[in-house]
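The values are calculated or read from the model by the stated rules, or taken from the named source; none is laboratory data. What you see is a predicted model; the values in this text were computed from it and never measured. Cβ placement follows ideal geometry from the backbone for every residue including glycine, while neighbour counts extend to all protein chains displayed.
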Amino acid sequence: MTTPVAASLFTTFRESTLAGKRAIVTGAASGIGRCTALAFAAAGSQVAITDVQEDGLGETAAQMQALTGGGPAAVVAADLGVCDPAVDVVEPCVSALGGLTTLVNCAGSAGPVPPASWRRQPMAACGRG
């Protein structure tokens with residue numbers, strides 16, 4: 001079920017330039033990520049969704065189906081805080097979408113993260129550390 005705020009966003013996005021775009025939305029199992037994925041889908045974008053929470057991804061896919069009559073282009077469960085899965089998410093999503101115009105990164109972690117943890121070893125191994 002969508003919230004009144006989300007319903008308002010869907011109406012706004014329907015009239016936007018998002019129609020026909022091809023988007024990957026991370027963190028799409030709940031919260032801002034889910035709302036963003038649904039808004040893009042309602043606006044006519046093809047959407048691939050990813051998150052570490054498989055159950056939540058299933059709920060987002062079901063809501064997308066109910067909202068638009070079509071599900072996501074791809075559903076990929078992965079922990080984006082680790083290098084290999086993060087890299088492995090892009091290829092199946094882009095393949096399913098037939099290209100990529102938009103990346104929306106809503107993936108995050110729950111609770112406070114101490115600064116010492118900001119530069120995790122897997123990120124350094126990906127060349128971003």
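Restricting the search to the range 1-23, which residues are at pLDDT below 80, farther than 26 Å from Ser109 by Cα and outside any helix (DSSP H, G or I)? Matches in the range 1-23: Glu15, Ser16.
Take the conditions (1) among the aliphatic types (A, V, I, L, M); (2) in contact with a Pro (Cβ under 6 Å, 6 or more places away or on another chain); (3) not in a helix (DSSP H, G or I); Met64 misses just one of them, which is (3).
Scan the range 81-101 and report the pairs whose first residue is buried (at least 16 other Cβ atoms within 10 Å of the Cβ) and whose second residue is part of a loop (DSSP other than H, G, I, E, B) and of a type outside the set (A, V, I, L, M), with Cβ atoms within less than 6 Å and a gap of 6+ or a chain change. Once the first residue is buried (at least 16 other Cβ atoms within 10 Å of the Cβ) and sits in the range 81-101, its partners that are part of a loop (DSSP other than H, G, I, E, B) and of a type outside the set (A, V, I, L, M) give Cys83/Cys126; Pro85/Asp79. A search for C-beta distances below 6 Å between a residue of the range 24-36 that is part of a helix (DSSP H, G or I) and any residue that is of a type in the set (Gly, Ala, Ser), counting only pairs 6+ apart in sequence or on different chains, returns Gly33/Gly27; Arg34/Ala28; Cys35/Ala6.
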